[in-house]
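These notes are about the structure you will find just below.
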Protein chains: 2
Amino acid sequence: MQLADVFQKLEDGSKRITPQREQIIRIFADHPGQPFSAEEIAHLMRERFGDVGLATIYRTLELLMDLEVVTRETVGDGRSHYQWPLDEGHKHPVMICLRCQSSTRIPEDHLRTVGSWALSVLEFQLVDYEMTLYGICRVCHLREQRRRRGRESIS
Amino acid sequence: MQLADVFQKLEDGSKRITPQREQIIRIFADHPGQPFSAEEIAHLMRERFGDVGLATIYRTLELLMDLEVVTRETVGDGRSHYQWPLDEGHKHPVMICLRCQSSTRIPEDHLRTVGSWALSVLEFQLVDYEMTLYGICRVCHLREQRRRRGRESIS
DNA sequence: GTTGCTGCAAATGATTTGCAGTTAG
DNA sequence: CTAACTGCAAATCATTTGCAGCAAC
């Protein structure tokens, strides 16, 4: 999927190519496979473009989903993440929290560690991988610690 | 996972076994693998038991998630579905060779490395994982090296 | 009796929608 | 021009929380 394809789709549906839409589309195009929340999009837009109403962002996201340009995945705490899917079936490694069900992509940097680990420990030259980690994310861990402390201080 | 196990977990955490909780747990236990929304639980409870406050239902669901009795998956429209997971076989991590297609199980020992890596680098407490590595296994690698040397000596 | 639990109502927070003014085509 | 778009503020809707009364242990 290319930028031009998206603009074509917009024209085909007699949708307008406004500056706001163009920027939002570029954010996705520049980070294929990376999930963004609506808030994150708003933040990036503020930096790269100027203030854009959240309503506009949500409406653009809905439009892009209708055009099958981005996909939505809803995480545990009620927030949604939107992303420009990768072309082929290269499955990105994610961590899924067993508490809040949030799924976070594991940054590529950190995966080099797996590669060198596989090479040195298993004598296996890593070319590609599929990986899903299940566990407790930082946010939930902190929340539970806080709760536990709260309970203790009461007693 | 059995009903009794859940009640045990409740006791272990000095949580009370109230009629509302018992019924909700039974609904899940009677339909393993079936997803229910909070509203659906409320509806079933009304039929089988009597009115139960939605707040109670949500609080019970949170409790059951903490006890790892049910899992939550959030669907596109912002609603969450909860379910008693099916007992599935723990999927072992394997390495698949792209040359000979051989698949080798990754020894558990080596996976502890991943766990500590996830904890230190990602601040994520690993509980379970699914992992498939694609690459070149040692045997194929050695065979290719031998060939390459063979060609060199000819030329 | 104590905690912990429940129901209610009010609060929250992400997403949506109505509307009046603005702009791309 | 004019239909489509934007920003704002108000509205929704699932979920959470404060609180007073209630009930398991």
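The values are calculated or read from the model by the stated rules, or taken from the named source; none is laboratory data. Nothing here was measured: the structure is a model prediction, and the numbers come from that model. All Cβ positions, glycine included, derive from the backbone under ideal geometry; neighbour counts span all protein chains shown.
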Top-ranked residue of the stretch A:10-63 - restricted to ones that are aromatic (F, W, Y) and under 20 Å from the mean Cα position of the chain (by Cα), ranked as nearest to DNA strand C (Cβ to nearest atom):
A:Y58
Of everything in the stretch B:68-94 that's within 13 Å of DNA strand D (Cβ to nearest atom) and acidic (D, E), which residue is modelled with the highest pLDDT?
B:E73
Checking A:S80 against (1) within 14 Å of another protein chain (Cβ to nearest Cβ); (2) crowded, with 18+ Cβ neighbours inside 10 Å; (3) more than 8 Å from DNA strand C (Cβ to nearest atom), the condition it does not meet
(3)
So which pairs qualify, if the first residue must be in the stretch A:1-27 and farther than 23 Å from A:G53 by Cβ, the second must be in a helix (DSSP H, G or I) and within 12 Å of DNA strand D (Cβ to nearest atom), the Cβ gap must be under 7 Å, and the two must be at least 6 apart or on different chains?
A:L3/A:I25
Counting only residues that are of a type outside the set (V, I, T) and assigned to a loop (DSSP other than H, G, I, E, B), which one in the stretch A:64-75 is nearest to DNA strand C (Cβ to nearest atom)?
A:L67
Qualifying positions in the stretch A:39-65 - within 14 Å of another protein chain (Cβ to nearest Cβ) and within 11 Å of DNA strand D (Cβ to nearest atom)
A:Y58, A:L61, A:E62
